[in-house]
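S.K.: Following this message is one structure expressed as structure tokens.
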Amino acid sequence: MRNALFIAWHDLRHQMRQGATLVWVFIMPSVFFYFIGTVTGGFSGAISGGAATPIVVAAQAPGFLQQQIDVRLRDNAFEPEWREAVVADAEGKMPQRVLTFDANLSDQVLAGNAVTARFDTRASALSRDYEVIRIQRSLYTALADIVTADARNAGALSAAALVELNNEARVWQLDVAAAGERLVIPSGFQQAIPGILVMFTLLVLLTSGAAMLVVERRQGLLRRLAYAPMSRVEVVAGKWGGRMVLALLQVGTAVLIGTYLFDMQWGPDIPMIIVVLAAWAAFCASAGLMLGSLAKTEGQASGLGVLVANVLAALGGCWWPIEVTPAWMQGLQNFMPTGWTMDALHKLISFEAGAAAAVPYVITLLAGALIVMLIAVNRFKYE
């Protein structure tokens, strides 16, 4: 045991002295948190409670109903700009979000005719669904206002009746949500921080963690350990321990940065989240050790590490929520260790499913870590 701890401490010190390792462990994840999180809506009003989302509302002669629809759009964090028609700006760009109504909106409603509303957006897939829900909530609430005001005034719907209704205290609230198994698809930092954390932990352990073992074999350092009074299991356990501690340091740093710099909300089951991330770190440490045992050159270890890490990240839901991918990709997630980890984190963070929901994933990850570790022990070579 003492020999394994000595090797783990030596390996950890060696890796912490490498500038490239420090950059990829402690700096690059934070950079990716920011860029991926903001691109997918991390600083948008819809997700983080910041500035309202601008939207162009195109309607010819909308009449008095314009005011009521405007109120409901603002209630749902939109900043509407009403226009007669949609035109490009001075730079030739069209608006990113447009809500279009039939002409003579108020007259059509008073006449009992059907009115069509069309919403077009160029937002990313991660934000589009949530914007559609907010539009639906705005319009359905406005429709409920119209029906209520019309009934109270015996069919004499008017702007004054709607203003009177708006000034009353609300005793009910219309809530519109997408039907299905998941109520909200993770986006912004809720998706980016867990996803990038999972990806970079695997990437670092499969590249620098594996390459370091190849270098030690080439330089004859492992051959010296073969003549030392310690078993193969102790050597491999020490190598695994050093990588495990490095992974835990990366996970811990990323959690702190996500919490205090990006206001990441981890949900009520933080202890189980830590357990899931620790199980993932154990799997990554085993995977890095196995790749280092199988690879023959540093380039081979680094190249395979980057390839495997990126493929598993893409198919496992690290780059985007698995819910927005095709059905065949969602099926593949069930066979990916990244998919197990991301699904467990989503259940705990975004859907608050309870700690018990993550237990099967933790068991699976630890079992996978053990299997991969046994392969590494079997294929470990001193020279």
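S.K.: Calculate the FRET efficiency for residue 265 and residue 383 from the Cβ-Cβ distance with a Förster distance of 51 Å, rounded to the nearest 0.05.
M.R.: About 0.55, to the nearest 0.05.
S.K.: Still on this structure, please answer the following. In square nanometres, what is one fourth of the surface area of the convex hull spanned by the alpha carbons of the stretch 49-166? Display every interim value, and only then the final one.
M.R.: Values: hull surface 31.5 nm².
Computed as one quarter of the Cα hull surface, the answer is 7.9 nm².
S.K.: Please arrange 32, 283 by counting, for each residue, the other beta carbons lying within 10 Å of its beta carbon, fewest first.
M.R.: Starting with the residue having the fewest Cβ neighbours, the order is 32, 283.
S.K.: Using the count of nearby Cβ atoms within 10 Å as a rough guide to exposure, how do 35, 101 rank from fewest to most?
M.R.: 35, 101
S.K.: Antiparallel as a % of all DSSP beta bridges within the chain, to the nearest 5?
M.R.: Percent antiparallel among DSSP bridges in the chain is about 35.
S.K.: Could you work out, for the chain, what percent of all Cα-Cα pairs fall into each 10 Å distance bin, beginning at 0 Å and stopping at the bin that holds the largest distance?
M.R.: Histogramming the chain at 10 Å steps yields 5, 20, 23, 18, 13, 9, 6, 4, 1, 0 percent.
S.K.: The stretch 231-303 to the stretch 336-354: how many Å between their Cα centroids?
M.R.: After rounding, the separation between the Cα centres reads 17 Å.
S.K.: Explain nothing, just the number: relative contact order of the chain, from Cα pairs under 8 Å at least 6 residues apart, as a whole percent.
M.R.: That works out to 21 percent.
S.K.: Cut-off is 10 Å between beta-carbons; in what order do 284, 318 appear when sorted fewest neighbours first?
M.R.: Numbers: 284 31, 318 27.
Exposure proxy ranking, most exposed first: 318, 284.
S.K.: What residues of the stretch 299-327 lie in the reach of a label at residue 224, counting those whose backbone N is under 14 Å from a point 7 Å from the Cα along Cα→Cβ?
M.R.: Answer for the stretch 299-327: none.
S.K.: List the residue ranges in the chain for DSSP H helices whose C-alpha atoms run 20 angstrom or more along the long axis and whose Kyte-Doolittle average is 0.5 or above.
M.R.: Details: long enough: 2-16 (21 Å, -0.43); 125-152 (41 Å, 0.04); 189-218 (42 Å, 1.31); 232-261 (43 Å, 1.02); 270-294 (36 Å, 2.08); 298-316 (26 Å, 1.16); 359-379 (30 Å, 1.94).
Those that pass (Cα extent of 20 Å or more, hydropathy at least 0.5) are 189-218, 232-261, 270-294, 298-316, 359-379.
S.K.: A further question on this structure: Can you give the % of DSSP beta bridges in the stretch 49-166 that are antiparallel, to the nearest 5?
M.R.: Rounded to the nearest five, the antiparallel share is 35 percent.
S.K.: So how strong a dipole does the chain carry about its Cα centre when Lys and Arg Cβ are +1 and Asp and Glu Cβ are -1, to the nearest 20 debye?
M.R.: So the dipole magnitude of the chain works out to roughly 2340 debye.
S.K.: Name the lysines eligible as straight-distance cross-link partners of residue 93: C-alpha to C-alpha under 23 Å, and not fewer than 8 places from it in the same chain.
M.R.: The qualifying lysines are none; the list is empty.
Rule-based calculations on the coordinates, nothing more; no lab input. Values in this document were obtained by computation on a predicted structure and should not be read as measured data. As a convention, Cβ positions derive from the backbone with ideal geometry for all residues, glycine included, and neighbour counts pool all protein chains shown.
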